[in-house]
Amino acid sequence: MIYQLFCLIFLILIIVGIVSLFRSVKQRKTRLDIMEKKMDDLYELIKKDSD
């Protein structure tokens with residue numbers, strides 16, 4: 001009985017860990033996309049000013 005409870009808790013922890021990992025990867029990608037857009041905008045602004 002206790003062995004089954006530990007296995008269930010372990011399984012739940014693994015699932016929660018995987019879900020949180022995917023969420024953090026998605027948030028990181030979103031932040032990188034925002035920074036990339038800002039850098040592209042700055043590059044275009046600098047390129048336009050130099051012309």
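Since every read-out is calculated from the coordinates, none of them should be taken as a lab result. Since this is a predicted model, take the numbers as computed values, not measurements.
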- prompt: Quick one, which of (1) 22.2, 76; (2) 11.0, 34; (3) 22.5, 69 is the actual Rg and Dmax of the Cα atoms in Å calculated for this model?
  reply: (1)
- prompt: In whole Hz, what ³J(HN,Hα) sequence does region 16-33 give by Karplus (6.51, -1.76, 1.60; θ = phi - 60°), x for Gly and Pro?
  reply: 4, x, 5, 4, 5, 5, 5, 5, 5, 5, 5, 5, 5, 4, 4, 5, 5, 5
